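Heads up: the structure comes next, in structure tokens.
What follows draws every value from the coordinates through simple rules; no lab data is involved. Remember, predicted model here, so these are calculated numbers, not experimental data. Counting neighbours? That spans all protein chains shown, and the Cβs are built from the backbone with ideal geometry, glycine included.
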Amino acid sequence: MFYGLDVHKEFIQVCELDDKGANRKDYRIGGTAEEIDRWAQDLGPRDQVVLETTFHRCLICPPQGDAFSTRGRRWMRSVKLAAAQHFLVHNGLDLLETIEARIEATDQELLKTAAIEEQAQLLMTIPGVGVTVAMGLLAAIGDIRRFPSPGQLASYFGLVPRVSQSAGRCYHGRITKAGPGNARSLAIEAAQVLARSPSPIATTFYRVRHKKGYNVAVTALARKLIVLVWYMLQNGEPYRYASVESTRRKLRSLVPKHERTRALRPPRTVEEVYREAGLTLPTPPSKAQRRAAANNRRTRTRLTRTQGKT
């Protein structure tokens with residue numbers, strides 16, 4: 001009999017052939033030592049076993065946990081391997097650590113820039129918008145005065161639908177995807193986080209998802225986000241419906257730890273968070289704006305319950 005073994009993490013795939021190489025049987029056995037020993041006891045003296053070693057050529061059992069943690073990397077460097085394999089492992093780890101160091105240096109530079117850039121701090125008050133997204137959006141927008149209306153800014157990001165007109169009829173298609181693709185990706189990434197926040201603007205996501213699905217809903221919310229960015233940069237005001245804890249955590253991350261002051265009482269309102277960060281307070285909402293925000297929250301609650309049942 002001939003046996004071919006394909007070793008996986010939790011099981012072994014066995015391919016069994018008779019002496020003529022016919023009558024193939026495929027089955028699995030467990031990957032533990034006990035199950036392998038139990039299977040090997042049925043082998044005869046003339047049986048031949050072939051081990052597939054594309055990914056398990058050394059049969060090394062890694063330690064539990066994250067293989068790329070500090071402990072896991074130290075273990076990988078200590079494993080005894082052939083010269084070529086030793087070079088590949090160490091070279092790969094060195095390259096990974098170099099890239100991580102450059103990413104860390106870039107993040108620190110973004111933090112320093114955002115700490116002195118008031119517009120970045122304004123955008124960071126939006127749920128889902130951190131330092132990287134805020135600086136990326138500002139880099140793509142430049143001077144907000146280039147865009148006379150929020151619709152033009154959304155069009156610049158390629159988040160508006162294509163429009164075709166024929167014989168007096170107007171057809172709307174997919175988004176144009178014009179403008180900077182990286183900035184549009186940042187807006188969509190932020191919209192996915194914004195959709196999970198209690199912000200009234202997140203209702204757009206639930207309303208559209210109920211009709212057209214997740215991807216279209218995220219894109220629609222990303223367009224709303226860009227419109228919101230236009231108004232905030234034009235008025236120079238932070239987001240009115242920001243979360244207290246997450247917003248304070250993001251803004252305090254811009255201040256070095258040795259310069260942070262501990263408040264006698266943590267802020268309980270968004271206005272207190274903005275005062276602590278030295279930002280301009282948003283103008284109080286009008287009755288119509290308060291009514292619209294309340295309606296959005298009720299709509300979101302209703303759609304969440306409806307979609308949860310379906």
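Miscellaneous remarks
- Ranked by how many other beta carbons lie within 10 Å on average, peptides 285-293, 108-116, 272-280 from highest: 272-280, 108-116, 285-293
- Other residues with beta-carbon under 12 Å from the beta-carbon of SER246 carry, at +1 per Lys or Arg and -1 per Asp or Glu, a net charge of +4.
- For segment 104-255, the calculated P(r), taken from all Cα-Cα distances in 5 Å bins from zero up to the bin holding the longest distance, is 2, 9, 18, 22, 20, 14, 8, 4, 2, 1, 1, 0 percent.
- Candidates per trypsin sites (Lys or Arg not before Pro) in segment 151-195, loop by DSSP, up to 16 other Cβ within 10 Å: LYS177
- For VAL244 and HIS258, the difference between the fully extended length at 0.36 nm per residue and the C-alpha to C-alpha distance is 2.8 nm.
- The Kirkwood radius of the chain, taken over pairs of alpha-carbon atoms, gives through the Stokes-Einstein law at 20 °C and 1.002 mPa s a diffusion coefficient of 86 µm² s⁻¹.
- Scoring 67-74, 16-23 by mean Cβ neighbours within 10 Å over their residues and listing the highest first yields 67-74, 16-23.
- At q = 0.31, 0.32 Å⁻¹ the log10 of I(q)/I(0) for segment 66-116 amounts to -1.11, -1.14, computed by Debye summation with a single uniform scatterer per C-alpha, solvent ignored.
- Axial C-alpha extent at least 30 Å, average Kyte-Doolittle at least -1.0 - helices from the chain (DSSP): 83-116, 214-235
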